[in-house]
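*Asks:* Sharing a structure, written as structure tokens. Questions coming.
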Amino acid sequence: MAGKCGEEELEVAEPLGRWPVLSYGVGHMLNDITSACWFTYLLLFLQEIGLAPRDAAIVMLSGQVADGLMTIVAGEMIDRFGRFKLWHIGGSVLVGISFSSVFGGCLLCTILGTDSYLVRTIGYSFFAAVFNIGWAATQVSHMSMVNCMTSNPTSRVALASCRNASTMVANLGLYGIALAVFGIVKAKTCADIVVQYKWIAYVSIFVGCCFLVLFHAGTEEPTLKCEPNCKKRARIAWSYWFKKTLYYQVALLYMLARLITNVSQSLIAFYVTRDLRMNEYSKATIPAIIFCCSFLVSVVLQEMRWNSRRLKSLLTIGATLWVISGAAVFLLPSQMHNLMYPLAVVIGAANALVMVTTIGLESALVGEDLNGCAFVYGSLSFLDKMSCGLALFVLESYDVASSCGDARGLNTVSRYGTGLIPACFAVLAIVVASTLRLQDDDVARADRRARASAAAGALEAPLLV
């Protein structure tokens with residue numbers, strides 16, 4: 001599909017330096033740190049300030065629906081007009097403003113001068129939608145840049161890997177901020193709870209914006225898809241992807257990976273405080289351990305040599321680890337809550353294996369079809385957002401016991417959502433992964449890639465340049 005133009009690009013492609021890779025990698029930090037807070041604490045925050053579980057889930061769902069729809073719009077617009085960095089900065093502005101309006105208290109209530117339950121639900125739902133619209137614009141533009149910054153396959157994987165490592169750092173930073181705030185500000189009243197999350201939101205936005213400056217200072221607007229020799233390349237129609245079996249396989253695997261990580265992350269704060277009856281600090285320490293282990297495993301993965309067989313194997317290993325740890329989480333009694341610490345280590349490793357491999361599959365799916373890359377990332381993100389939103393809404397609709405009492409057994413929403421349901425998704429991921437048929441290094445292009453570079457195998461080079 002890339003044609004002669006693609007061949008010319010491959011012949012002159014040089015690996016990116018470390019600074020472009022690192023500056024690109026931190027470009028999603030604002031999204032990542034706010035997303036970590038969003039999925040870990042939003043439902044807990046909303047219920048602690050008085051919203052019913054179902055209404056809190058409606059707020060989450062409104063954001064996920066807006067996010068899913070925006071990914072399609074952003075993907076189509078970026079494929080048509082480009083301007084990745086413009087979409088990135090516009091989305092980041094919306095993220096910063098709306099995120100502080102959700103965790104900073106009900107802005108609509110302040111504007112209207114009322115604190116009614118209905119106004120609070122509508123206000124939080126509106127800003128949740130705005131937040132996710134901005135988040136989607138930033139995400140799609142940032143992910144789509146990978147294949148358009150360079151045609152060098154080693155650098156492409158390095159960009160994706162650095163982005164994933166930065167995600168882990170952002171998550172760890174968020175839980176460090178939360179741990180400090182929970183220790184300094186004691187939640188005795190509803191107003192104290194709002195103050196806690198307000199400070200978490202403000203500090204998170206400040207840190208994310210610092211990295212945003214580094215990204216825009218060190219990353220140039222991608223020009224690979226609009227080089228002079230490539231002007232006549234036609235924009236790829238959606239139907240092109242719908243005819244590829246690999247598109248459906250990768251889409252399903254990416255959706256399952258996001259369901260595993262996001263559903264469990266959204267309910268783990270409930271699980272450790274209500275089901276295991278751990279202290280308030282566990283809301284930050286357990287997620288921090290998970291993401292610390294994810295980061296360490298990601299660093300190890302960066303130094304590995306890749307081929308399709310290893311990609312499938314590590315995806316299967318990660319999913320298998322989730323099946324084991326998910327079952328253990330579901331059955332773990334509160335009297336043995338200290339076992340949650342080693343389980344968090346296993347979950348962190350499993351998350352890294354599942355996410356790194358599925359993101360790698362996305363890049364492999366796009367390959368050199370640059371004029372359709374934004375649609376691929378946008379459509380897969382649409383499935384991710386809609387499925388996660390609906391899954392959490394269904395789960396929270398059955399959450400009728402929101403207090404932590406001695407009567408809580410195995411039949412709780414947080415146990416199902418943190419352990420059993422992600423384990424079931426992992427089983428399905430193993431089945432889908434077994435059906436993948438990937439050609440190592442795209443054999444049809446091996447000859448001309450050999451002329452371009454001695455180390456230009458699509459998945460055969462180290463992840464770091």
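The values are calculated or read from the model by the stated rules, or taken from the named source; none is laboratory data. Computed from a predicted model, the values in this text were never measured in an experiment. For neighbour counting, all protein chains shown are included, and Cβ atoms are generated from backbone atoms with ideal geometry for every residue, glycine included. Accessible surface areas use protein heavy atoms only, side chains included; no ligands, DNA or RNA. Shrake-Rupley method; radii C 1.70, N 1.55, O 1.52, S 1.80 Å.
*Asks:* Select from the stretch 46-155 those trypsin sites (Lys or Arg not before Pro) which occupy a DSSP coil region and have at most 15 other Cβ atoms within 10 Å, ordered by residue number.
*Replies:* Of the trypsin sites (Lys or Arg not before Pro), the ones in loops of the stretch 46-155 whose Cβ has at most 15 other Cβ atoms within 10 Å are ARG83.
*Asks:* Return the whole-Å distance between the Cα centroid of the stretch 197-220 and the Cα centroid of the stretch 46-96.
*Replies:* 18 Å
*Asks:* Ordered by packing density, taken as the mean number of other Cβ atoms within 10 Å over each peptide's residues, highest first, how do 176-187, 239-250, 130-141 rank?
*Replies:* 130-141, 176-187, 239-250
*Asks:* What per residue convex hull volume, in Å³, comes out for the stretch 56-208 when only alpha-carbon positions are used?
*Replies:* Dividing the Cα hull volume of the stretch 56-208 by its residue count gives 121 Å³.
*Asks:* Then there's this: Leaving out ligands and nucleic acids, and using a 1.4 Å probe, what accessible area per residue does the stretch 32-153 come to in Å²?
*Replies:* Accessible surface, normalised per residue, equals 30 Å².
*Asks:* Kirkwood Rh over alpha-carbon pairs of the stretch 35-89, then Stokes-Einstein at 10 °C and 1.306 mPa s: what D in µm² s⁻¹, rounded to an integer?
*Replies:* Translational D for this selection: 121 µm²/s.
*Asks:* If the viscosity is 1.002 mPa s and the temperature 20 °C, what Stokes-Einstein diffusion coefficient in µm²/s follows for the stretch 77-125 when Rh is the Kirkwood radius over Cα pairs?
*Replies:* 170 µm²/s
*Asks:* Ignoring any ligand, DNA or RNA, what whole percent of the accessible area of the stretch 19-222 comes from carbon and sulfur when the probe is 1.4 angstrom?
*Replies:* Ligands and nucleic acids excluded, carbon and sulfur give 74 percent.
*Asks:* So, one more: Pop out the Kirkwood hydrodynamic radius of the stretch 1-142 from its pairwise C-alpha distances, inverse of mean 1/r, in Å to one decimal.
*Replies:* Result for the stretch 1-142 stands at 16.9 Å.
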